[in-house]
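The values are calculated or read from the model by the stated rules, or taken from the named source; none is laboratory data. As the structure is a prediction and not an experimental result, all values here were calculated from the model. For neighbour counting, all protein chains shown are included, and Cβ atoms are generated from backbone atoms with ideal geometry for every residue, glycine included.
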Amino acid sequence: MVNLCQAIDSVLNTRGQRALKAHDPKSLSRSRQLHHTIRSQSHNVIDYGRLQSNPLPATQLQDVTKILRFGNLGTCVAIGRGQSEKLHLDLNDNNTLYTSIMVLGDKNKQWNNSHHQGSLYHPTLGIIVPMNIGDMVFFNASKLPHLVIKLDEAEREYRTVVTTFSCAHLSEVLEHSPAFCLPWMTTSCM
């Protein structure tokens, strides 16, 4: 899992940041600032010696924020083979930052997309965005209703979808001191 997180970080840190810098540098700056705040705040409150059920080697645990960077473009990641086939908004996503979707898989195993299967659909804009292996898209998932056009059941295994987003609640907590401490936090957060 650590290797997967680092691979996601590598792609988002290069292709993702380059794309945002070219099209929306202010959003990239906000995202980087949020991640800088997370890194500085977490060093103050995480007691690495008290983390329970630690699956990471001690050398990687020295800075867990490096493992969970996701290219400084998201504070959360969802990885799955499924898709969201119902029209929805992601209301827990930070509405000032983009959600990113990457499609991973074997380029030799493409699915039938003759009727846009697997594509991202934004009905309010009337836009269908093809999502093939290697593609990445950024959009505001908390403001723009969206769904994925259903893939055939057998073809779902052909791809893995990686979604990164910044949690609105985490952003809010970082702007205000926490009113509680979790077991792995130091007493400095109290």
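Restricting to helices (runs of 4 or more DSSP H) lying wholly in the stretch 1-97: which have 2 or more residues that are closer than 20 Å to Ala168 by Cα and either more than 16 Å from the chain's Cα centre (by Cα) or modelled with pLDDT under 75 (or both)? Lay out the reasoning, then the answer.
Numbers: elements: 2-11, 17-23, 25-45, 58-61, 64-67.
The qualifying helices (runs of 4 or more DSSP H) are 25-45.
Give me the pairs: first residue in the stretch 142-171 and over 21 Å from Leu12 (Cβ atoms), second residue in a strand (DSSP E or B) and of a type in the set (Phe, Trp, Tyr), beta-carbon distance under 9 Å, and six or more apart or on different chains, which are they?
Final answer for the pair search is Leu147/Tyr121; Ile149/Tyr121.
Filter the stretch 103-138 down to residues that are outside any loop (DSSP other than H, G, I, E, B) and touching a Ser or Thr at 6+ places or on another chain (Cβ under 8 Å) and give me whichever is farthest from Ala7 (Cα to Cα). Before you say what the answer is, go through the steps one by one.
The first filter runs over the stretch 103-138 and keeps only residues outside any loop (DSSP other than H, G, I, E, B), leaving 103-105, 120-122, 127-129, 136-138.
Next cut, touching a Ser or Thr at 6+ places or on another chain (Cβ under 8 Å) only: 103-105, 128-129, 136-138.
Working: Val103: 13, Leu104: 11, Gly105: 14, Ile128: 28, Val129: 24, Met136: 14, Val137: 17, Phe138: 18 Å.
Step by step, filter the stretch 103-138, then rank; the result is Ile128.
Please count how many residues of the stretch 139-165 are modelled with pLDDT of 90 or more, among the charged types (D, E, K, R) and assigned to a strand (DSSP E or B).
The total comes to 0.
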